[in-house]
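Okay, structure first, notes after.
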Amino acid sequence: MSERLAIDGGKPVRNMPLPPAYPGASVYGEEEKRAVLEVLDRKSPYRYYGPDVAGKVKEFETLFSQKIGNKYSLGVTSGTAALVVALKAAGIGPGDKVIVPACTFVASAGAVIIAGAVPVFADIDDSMNIDPDKIGECVDEYTKAVLPVPILGNPCEMDRIMEVAKKHNLIVIEDVAQSCGSKYKGKYSGSFGHINCFSLQLNKIITTGDGGAVSTNDEKLYERAVRYHDQGMFREKEGFLASNAEDDIFVGQNYRMSEVTGAIALEQLKKLDYITDYMRKIKYMIKNEIKDIDGIKFRRICDEEGDAGSTLFMMLPDVETADRFIKALNAENVNCGCLYGGRPVYMIPQIFYQKTVDRFGFPFNQFKEKIVYSEDMCP
Ligand SMILES: Cc1ncc(COP(=O)(O)O)c(C=O)c1O
């Protein structure tokens, strides 16, 4: 090992950067290839009809439900689509507020706005996930739901969150985009909320490039999700409670998953345990080696056995040290970055300034009192 750090001109500890962190894509193999070719050979890339539909999306949904531990799952086109479908299935829209953690990807808040509701931000705790104690403070007469996000593999404390939600009569929509395969007290993230969302985008633990899933135990929410994702149609009748009852018809979108995506999703799902076991093992090996270094603190993992292991998260004493630490690690060819630039999600300009595509300021114009976001809301 060099006497000097690479940032100071020494020889890097690794001679090339670590491979990119795309866990699902890095284990693509013959299984994914065969599955995609099968769809192409059958000339049936569409889930609902075609000359010889393989039923890959349906098979993925069935296996996903079994795996996560819910009765129903629905393949969709992205994690963002999953959030919009879930919000709409739950009947959330104009005049409603949804509690979102201050630390998350823009899509968690963006989907709420696209659904016509307004996000209210709850602070996080030392796990980097929503602080269950802060949820109640965000509730007012308009609040309909809370959207916990297990950040980068760390499951949320879902028992506490479900308890607060029950007290305030909130619908819980878990946004498990970043943490598919994580567990809390032996149960998968995405099996606690009333309706739950997953992403299969490239950075995620299993991936189809783009794609997503909604999962729930609630038959009515599932049935509405299916219709919302498919133009409001009653196409899938099998096993459904719903009739064509006119009191619950609505216009939907098209967020249908293609058979090509379904084929890859199904094969990736079969590899989920392998991927998370492997990541967890490596992560804890590294964590154990560096745990005694002064100045480095780890975030609290809400359930270490259920950690998906995708990210080792470190907290440094101040911004300057963190900045230099990131530069120094990268110089050693050990990839490291600052999560979301160290900023809460509400500081993203389009959210902070409440800019939507609507010229009248919808949906922020739905409330008598002006909605205000300030930089110091969630310290
Ligand atoms: C927490 C969270 N929610 C939602 C999404 C959106 O997923 P997608 O990119 O599949 O639309 C992401 C993607 O990064 C995410 O991290």
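Shape call for region 237-379 from the C-alpha gyration tensor, a ≥ b ≥ c root eigenvalues: rounded (a/c under 1.5), prolate (a/b greater than b/c) or oblate? In terms of gyration-tensor shape, oblate. Spacing of the modelled spin labels on Asp52 and Lys167, each 7 Å from Cα toward Cβ, amounts to 5.9 nm.
Grab the beta carbon distance between Asp125 and Val319, set R0 = 25 Å, and tell me the FRET efficiency rounded to 0.05. Could the numbers behind the result be given before it?
Values: r = 20 Å, r/R0 = 0.79.
Calculated value: 0.80.
Compared with the alpha-carbon gap, the fully stretched path from Val106 to Tyr284 is longer by 61.2 nm at 0.36 nm per residue. The calculated FRET efficiency for Asp210 paired with Glu3, based on their beta-carbon distance and R0 = 41 Å, is about 0.30. Bridging of Lys11 to aspartates and glutamates at a Cα separation below 17 Å is possible for Glu3, Glu332, once same-chain residues fewer than 8 apart are set aside.
Charge dipole of region 258-353 (Cα centre as origin; +1 on each Lys and Arg Cβ, -1 on each Asp and Glu Cβ, all else neutral): 120 debye, rounded to the nearest 20.
Between Arg359 and Leu339, what FRET efficiency comes out of the Förster formula 1/(1 + (r/R0)^6) with R0 = 56 Å and r the beta carbon distance, rounded to 0.05? Once rounded, the FRET efficiency stands at 0.95. Within the straight-line cut-off of under 14 Å between alpha carbons, the aspartates and glutamates reachable from Lys283 are Glu304, Glu305, Asp307, sequence neighbours fewer than 8 places apart in one chain being disregarded. Between Asp248 and Lys187, the simple spin-label model (points 7 angstrom out along Cα→Cβ) gives 2.3 nm.
So the label point goes 7 Å from the Cα of Asp140 along Cα→C-beta, right? Which residues of region 83-97 then have their backbone N under 20 Å from it? Residues 92-97 qualify, since their backbone N sits under 20 Å from the label point. On a per residue basis, the convex hull of the C-alpha atoms belonging to the chain measures out at 157 Å³. Using just its DSSP H runs of length 4 or more, each adding -39500 (n - 2.57), the chain gives a mean residue ellipticity at 222 nm of -9500 deg cm²/dmol after division by all residues.
Among the listed pairs Lys97/Lys185; Lys166/Lys204; Lys166/Lys297; Lys67/Lys204; Lys58/Lys270; Lys134/Lys204, those whose Cα-Cα separation exceeds 22 Å are Lys97/Lys185; Lys166/Lys204; Lys166/Lys297; Lys134/Lys204. Our estimate of slack between Asp159 and Tyr22, defined as 0.36 nm per intervening residue step minus the Cα-Cα distance, is 46.3 nm.
Which whole-number percentage describes the relative contact order of the chain, with Cα contacts under 8 Å and a sequence gap of 6 or more? It comes to 23 percent, rounded to a whole number. Stretched out straight at 0.36 nm per residue, the stretch from Asn15 to Glu38 would grow longer than its current Cα-Cα span by 4.2 nm.
Throughout, read-outs are computed from the coordinates displayed, never taken from laboratory work. These figures come from a predicted structure and were not determined experimentally. Note that we place each Cβ from the backbone using ideal geometry, even for glycine, and neighbour counts take in every protein chain shown.
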